[in-house]
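The next block holds one structure in the form of structure tokens; read it before the comments.
Just so you know, all these numbers are worked out from the coordinates, no wet-lab data involved. This is a predicted model, so every value here is computed, not measured. Every residue, glycine among them, receives a Cβ derived from its backbone with ideal geometry; neighbour counts consider all protein chains shown.
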Amino acid sequence: MENKTFGYCRVSSSEQNEDRQVQAMLDLGIKERDIFVDKQSGKNFDRPMYQALKAQLRKGDILVIKSIDRLGRNYKQICEEWRDITGGLGAYIKVIDLPLLDTTRTDGLIGQVISDIVLQLLGFVAEQERAFIRQRQAEGIACAKAKGKKLGRPAVQFPDNWDEVYVIWKAGEITAREAMKRLCMKPTSFYKLANIFQKKTE
């Protein structure tokens, strides 16, 4: 049986566009029917199109991805999938944006060692970047608190005509919907202020 080349593309949500990734696959001569696209987070590999693709991979086939983060974002799981595909299934993996991760060029033990080193390095860099992001967020929050800035959503303010509208609403002269309309408020904000106001006046 002739070996096949498959392309895998992934974007994190239905609003994002996968055209650039798909075009890269087409430019390599991969048939459109052999390109699988997931519109889903890369936090794990429980994705329908990825699983469908993996079920079709046979020994000697090639899996092409645009960049390693399109395969996933959890580098521990990426390493496990990588070994399963190249070792367990006997297929090849080619990462377009990172030629070092092309097992069709370095088959066998040497290729596996190179891939392991590169993947471990990428995983370390990704983890460091996540740590830096968390550190910057923590420092930003601490700095804001030190300056007396309030974090989160601003508190809902009582409109100037609140007392007037509230009184006639409580008296049953107008409906809650009409009160919200006069106050230009959404239901959640209206009832939140109504509870606060009632407690203040009890």
* Return the calculated 222 nm mean residue ellipticity for the chain, to the nearest 500 deg cm²/dmol, obtained by summing -39500 (n - 2.57) across DSSP H runs with n ≥ 4 and dividing by the residue count. => -15500 deg cm²/dmol
* **Stretch gain in nm, segment residue 13-residue 28, where the contour uses 0.36 nm per residue and the Cα spacing is subtracted** => 2.9 nm
* Structure fact -> Charge dipole of the chain built from unit charges on the beta carbon (Lys, Arg +1; Asp, Glu -1), centred at mean Cα; most positive-end Cα among 26, 171, 55 is 171
* To do: Match the structure shown to one of the listed values (1) 54, 35, 33; (2) 82, 42, 27; (3) 46, 44, 35 of Cα extents along the principal axes in Å, computed from it, and give that label.
  => (2)
* Asked: For the range 162-201: lysine pairs with Cα atoms under 18 Å, gap of 8 or more or different chains, count?
  -> 7
* Fewest Cβ neighbours within 10 Å first, please rank 81, 178 accordingly. => 178, 81
* Residue with peak Gaussian network fluctuation, the chain [Cα springs, cutoff 10 Å], from 181, 39, 76 -> 181
* Asked: Does the range 162-201 come out rounded, prolate or oblate, given a ≥ b ≥ c as the square roots of the eigenvalues of its C-alpha gyration tensor, rounded meaning a/c under 1.5 and, failing that, prolate meaning a/b above b/c?
  -> oblate
* Once both labels are modelled 7 Å past Cα along the beta-carbon direction, what's the residue 117-residue 4 spacing in nm? -> 3.5
* Net charge dipole size for the range 162-201 [Lys, Arg +1 and Asp, Glu -1 on Cβ; Debye, nearest 20] -> 220
* Take the alpha carbon gyration tensor of the range 1-84, find the square roots of its eigenvalues, order them as a ≥ b ≥ c, and report rounded if a/c is under 1.5; if not, report prolate when a/b exceeds b/c, else oblate. => oblate
* Any idea what the dipole of the range 1-108 comes to, in debye rounded to 20, about its Cα centre with Lys/Arg Cβ at +1 and Asp/Glu Cβ at -1? -> 160
* At R0 = 41 Å, FRET efficiency that the Cβ-Cβ distance of residue 168 and residue 135 yields, to 0.05 -> 0.15
* Asked: What is the sum of charges around residue 21, taking Lys and Arg as +1, Asp and Glu as -1, for the other residues whose C-beta is under 10 Å from the C-beta of residue 21?
  -> +2
* Report, ordered by chain and residue number, the aspartates and glutamates lying within cross-link reach of residue 94, taken as a straight Cα distance under 12 Å and ignoring same-chain residues fewer than 8 apart. => 61, 102, 107
* Quote the charge dipole size of the chain about the Cα centre in Debye, to the nearest 20; the model charges only the Cβ of Lys and Arg (+1) and of Asp and Glu (-1). => 820
